[in-house]
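Taken together, the values in this text are just the output of simple stated rules run on the coordinates, not laboratory data. For clarity, every value in this text was computed on a predicted model and none was experimentally measured. Glycine gets a Cβ as well: all are built from the backbone with ideal geometry, and neighbour counts include every protein chain shown.
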Amino acid sequence: MFLLIILWLVSFALSFGVAGFIFIIMSGAAKKPWKLKLDGNFKPKISIIVPTYNEASIIHFKLENLVKVNYPRNLMQIIVVDSNSEDQTVDIVYEFIRQNPESNIQVLRQNERLGKSAALNFALKNCEGEVIVVSDADCFWPSDILVKALPFLADPAVGAISGPKILLNPNQSWVTRSEEAYLNSMNLLKLGESKVASTLLFEGGFSAFKRGILASFDPYDTGSDDCGSIIPLIEKGYRALLLPDAYFYSSFPTTWREKMYMKLRRANQLIRVFYRYFCLLFNGRVKSSKGIVIKNILLYLLGPLMFILLMATTISLLLIFPYFAILFLVFLIPKVRIYLFEVVQNYLLLLLAMISVAIGKNFLAWSKPKDRMIIQETILHAYKLI
């Protein structure tokens, strides 16, 4: 009985306890000022890559959004790289170029669909910019995003920057409401990591990399074009930052089923990402942000395994001592319930992802959720995105 209680306490501490402690520490760090050399006049030539696959319903809005961005037109190259779309995506892009010849948009076409990272690497060969910016077709920027974000890349220590996602449909269902709460927590966590050293978690809606240190996207084949591309930067000693003012807008699935598919795909990628970090750390190849790397390895690799032990010891204690169930009264507290639900859900997803990685399952090609809100022109106008 005593040993069982000790195992329960240890597994709880290494799963829920570590997650909670890290969140508290990073929340405090997020409030601290930046210690960087910013330059508001830093205006490098940039190449914006937009990967597409069957985006006919939104690609016109995406291009409208990009040409509205406040940045010198002669310093901005836009590359639409299409992965053999089966709809009218490419035709719509060409028509937009015809109507907007000053937009400096280039179209690249792949003969087959090989995944997002492959598409980005195909486009990278044609990039002319000193900074490479990636943005998914279903993500939309405020017009001042580059003015606010690029000065951070003036610091020699910074290799890449990203921004937080804001939902266009936060109140559409309980799924979108819970996702908004999750994003708020994760963005605070990533901001704290960025203030301390680096965040290892990037977003595909807005990510910018210095061309001189970006040899390729996802060189370790993790399946994650954003987080996987940060690994070599951390190896080389550069910082990767989340910038609160570099936010972008996107919609989110409204049903739990589609949310779980998206999360499982992401979890599969993150397991591969942090396993790579573990190998690099073990071999002494992590040059910077070691504390952040170790923290994330604990959360994403050790945490799910400790969660299994926690569940096993909890069931055993309930069978031996039914009054142990009184601990579950904490679920009556709304904020605690939301936090615990998200942690349990994420640990289960990470466990499923570990299994999928072990059997060789990979998610190279992306697919749009079937129940995602249809992005309408009126909504984008309301947010002043087009």
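Here are the numbers for the structure shown:
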quantity: Binned Cα-Cα distance frequencies in the range 293-349 - 10 Å width, integer %; calculated: 21, 41, 33, 5
quantity: Cα gyration tensor shape of the range 1-66, rounded if a/c is under 1.5, else prolate or oblate by comparing a/b with b/c; calculated: oblate
quantity: Cα→Cβ-extended label distance, 7 Å offset, between Glu95 and Ser143, nm; calculated: 2.5 nm
quantity: Relative contact order (%) - criterion: Cα under 8 Å, at least six apart; region: the range 58-187; calculated: 29 percent
quantity: Residues with amide H under 5 Å from that of Leu108, placed H, sequence gap 5 or more; calculated: Val80, Val81, Asp82
quantity: Kirkwood Rh and Cα Rg combined as Rg over Rh, evaluated for the range 53-199; calculated: 0.98
quantity: Translational diffusion coefficient (Stokes-Einstein; Kirkwood radius from C-alpha pairs) of the range 113-252 at 37 °C, 0.692 mPa s, in µm²/s; calculated: 213 µm²/s
quantity: Paramagnetic reach from Arg177 in the range 244-269 [backbone N under 18 Å; point 7 Å along Cα→Cβ]; calculated: 252-257, 259
quantity: Selected from Gly129, Asn65, Pro51, residue furthest toward positive end of dipole (the range 1-141; charges at beta carbon); calculated: Gly129
quantity: Directionally averaged projected area (convex hull, Cα atoms, the range 1-124), nm²; calculated: 13.9 nm²
quantity: Subset of Lys148/Lys195; Lys31/Lys210; Lys68/Lys165; Lys62/Lys236; Lys31/Lys295 violating a 22 Å alpha-carbon distance limit; calculated: Lys31/Lys210; Lys62/Lys236
quantity: Charge dipole magnitude, Cβ of K and R +1, D and E -1 - the range 37-160, Cα centre, debye nearest 20; calculated: 380 debye
quantity: Antiparallel bridges, percent of DSSP beta bridges restricted to the chain (to nearest 5); calculated: 30 percent
quantity: Computed helical MRE - 222 nm, the chain, DSSP H runs ≥ 4 contributing -39500 (n - 2.57), nearest 500; calculated: -14500 deg cm²/dmol
quantity: Dipole of the range 27-104, positive direction: furthest Cα of Asn100, Ile78, Leu38, with charges on the beta-carbon; calculated: Leu38
quantity: Whole-number Å³ per residue for the convex hull built on Cα positions in the range 90-147; calculated: 127 Å³
quantity: For the range 282-386, radius of gyration divided by Kirkwood radius, i.e. Rg to Rh on alpha-carbons; calculated: 1.12
quantity: Estimated inter-spin distance, Tyr261 and Phe331, nm [label 7 Å along Cα→Cβ]; calculated: 2.8 nm
quantity: Shape parameters for the range 248-291, alpha-carbon atoms, Rg then Dmax in Å; calculated: 15.5, 43
quantity: Vicinal HN-Hα couplings computed from phi for the range 11-25 (Karplus, 6.51 cos²θ - 1.76 cosθ + 1.60; Hz; Gly/Pro x); calculated: 5, 5, 5, 8, 10, 5, x, 4, 4, x, 5, 4, 4, 5, 5
quantity: Cα centroid separation - the range 1-27 against the range 117-163, whole Å; calculated: 38 Å
quantity: Descending semi-axes in whole angstrom, ellipsoid equivalent of the range 136-193, from the Cα gyration tensor; calculated: 26, 15, 8
quantity: Percent of Cα-Cα distances greater than 35 Å, calculated over the chain; calculated: 27 percent
quantity: Cα-derived Rg to Rh of the range 167-236, Kirkwood definition; calculated: 1.06
quantity: Inter-label distance for Leu340 and Asn111, nm, one decimal - labels placed 7 Å from Cα along Cα-to-Cβ; calculated: 5.7 nm
quantity: Reachable aspartates and glutamates, given that their alpha-carbon falls under 14 Å from the alpha-carbon of Lys32 and they are not under 8 places away in the same chain; calculated: Glu193
quantity: Relative contact order %, the chain, counting alpha carbon pairs below 8 Å whose residues are six or more apart; calculated: 21 percent
